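Here is the structure we will look at.
The values are calculated or read from the model by the stated rules, or taken from the named source; none is laboratory data. Just so you know, these numbers come straight off a predicted model, no measurement behind them. Here the Cβ positions follow ideal geometry from the backbone for every residue, glycine too, while neighbour counts run over all protein chains shown.
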Amino acid sequence: MEVFRLQRGKFGERLSGAGAALKGARWNSPGTELIYTSANRSLAMAEVAVHFTYATLPSGFFMLTIFIPDDSSIRIVKESELPSNWNSHPPVLTTRKTGDEFVRSNKHCLLRIPSAVVKGDYNILINPAHPEFHKIKVINKEEFPFDQRLFRTR
């Protein structure tokens, strides 16, 4: 399987959950390391773009293509398993507990969860502490300029 991650070039091709652990995010509390990836490039872009305006958009983003072996252990979370407000902004604590428990239990390397940004699409969260993590590799890194039309004012 291939997944995608949009990240700033200053981080190179390094896969780390340290950034997510700094402040926490929808699926992890501060202190819990998770690597957020998406099932496709457009979702990876959308997941980043919702946090910026054109004026605040940092430059220097790269799209990483990440190879995950097909036999990697995965837990799939269905939207029907989540509370009705799971995709609210700011995120609810329930979703953070889901990701924290996923990392704490260390049963699976991957957690497939629905996207809060694009209904019907999925993000794949990677547990960097799982024994299978060493099999996951960045196989491509390319510059990713954002199309300015995404951020224009009307």
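Annotations
- Ser88 outside any strand (DSSP E or B), at pLDDT below 95, surrounded by 12 or more Cβ atoms within 10 Å (Cβ to Cβ) and under 15 Å from the mean Cα position of the chain (by Cα): no
- Test: residue in the range 91-113 that is in contact with a Phe, Trp or Tyr (Cβ under 8 Å, 6 or more places away or on another chain), farther than 20 Å from Lys135 by Cα and loosely packed, with under 12 Cβ neighbours inside 10 Å: yes
- Applying a threshold of 6 Å to beta carbon distances and a minimum spacing of six or more residues, or different chains, the list of pairs starting in the range 69-87 at a residue that is under 28 Å from Lys135 (Cα atoms) and ending at one that is β-branched (Val, Ile, Thr) reads Val77/Ile113.
- Residue in the range 102-117 that is touching an Asp or Glu at 6+ places or on another chain (Cβ under 9 Å), part of a helix (DSSP H, G or I) and of a type in the set (Val, Ile, Thr) present: yes
- The residues in the range 1-54 that are touching a Gly at 6+ places or on another chain (Cβ under 7 Å), assigned to a helix (DSSP H, G or I) and surrounded by 15 or more Cβ atoms within 10 Å (Cβ to Cβ) can be counted, and the count is 1.
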